[in-house]
Amino acid sequence: VGALVYLPAVLLLAGLPVLLFGVAPRWTVGGWLGLAVAFVIAMFGELLELPQLVMDVSPMQHVPPVPASGVRVPPLAVLAALAATTIAAGFVAFRRRDLRPG
């Protein structure tokens, strides 16, 4: 159950390719960039002594460490809202593209 706190952050990272595909399918590869940035920050951020501003780019940094501390709802709510907005914007952008059947 404690792993569910990561769901909004994961959905935000999954929403990035959805948004990029909706805008331009060629940009979908950029979704991997978001995942790579989150990975590098999580694995090497403290080792490289990155500034806090750079560390905050990764959505994984905003997930509370459960069960070591209590669940903080505001960061999770913001992540969930950003994820929903990103995914919805991707679907809207996809629907507005000039696609022809067949």
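The values are calculated or read from the model by the stated rules, or taken from the named source; none is laboratory data. Being a predicted model, the structure only gives us computed values, none of them experimental. No Cβ is skipped: glycine too gets one built from the backbone with ideal geometry, and neighbour counts run over all protein chains shown. For the accessible areas, the whole protein counts, side chains as well, though only heavy atoms, and no ligand, DNA or RNA atoms are used. Shrake-Rupley method; radii C 1.70, N 1.55, O 1.52, S 1.80 Å.
Counting only residues that are closer than 20 Å to residue 19 by Cβ and in a loop (DSSP other than H, G, I, E, B), which one in region 92-102 is least open to solvent (accessible area, probe 1.4 Å)?
In this case the residue turns out to be 97.
I need the full set of residues from region 48-76 which are within 13 Å of the chain's Cα centre (by Cα) and small (Gly, Ala, Ser), in order please.
Correct list: 58 only.
State yes or no: is residue 28 surrounded by 15 or more Cβ atoms within 10 Å (Cβ to Cβ) and of a type in the set (Ser, Thr, Tyr)?
yes
Looking at region 57-91, which of its residues are out of contact with any helix residue (DSSP H, G or I) (no Cβ under 7 Å at 6 or more places or on another chain), surrounded by 13 or more Cβ atoms within 10 Å (Cβ to Cβ) and modelled with pLDDT of 90 or more?
78, 84, 85, 88
Conditions tested, residue by residue: (1) among the aromatic types (Phe, Trp, Tyr); (2) under 18 Å from residue 91 (Cα atoms); (3) in contact with a Pro (Cβ under 8 Å, 6 or more places away or on another chain).
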| position | (1), (2), (3) |
| --- | --- |
| 6 | yes, no, no |
| 9 | no, no, yes |
| 16 | no, yes, no |
| 20 | no, yes, no |
| 36 | no, no, no |
| 46 | no, no, no |
| 59 | no, no, yes |
| 63 | no, no, yes |
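When you scan region 59-69, do you find a residue that is within 21 Å of residue 40 (Cβ to Cβ) and in contact (Cβ under 8 Å) with a residue 60 or more places away in the chain, even just one?
No, there is no match, as no residue in region 59-69 is within 21 Å of residue 40 (Cβ to Cβ) and in contact (Cβ under 8 Å) with a residue 60 or more places away in the chain.
Quick one: residue 53 ticks every box in (1) within 24 Å of residue 2 (Cβ to Cβ); (2) open to solvent by 50 Å² or more (accessible area, probe 1.4 Å); (3) not polar (S, T, N, Q) except a single one, so which number is it?
It fails just one condition, (1).
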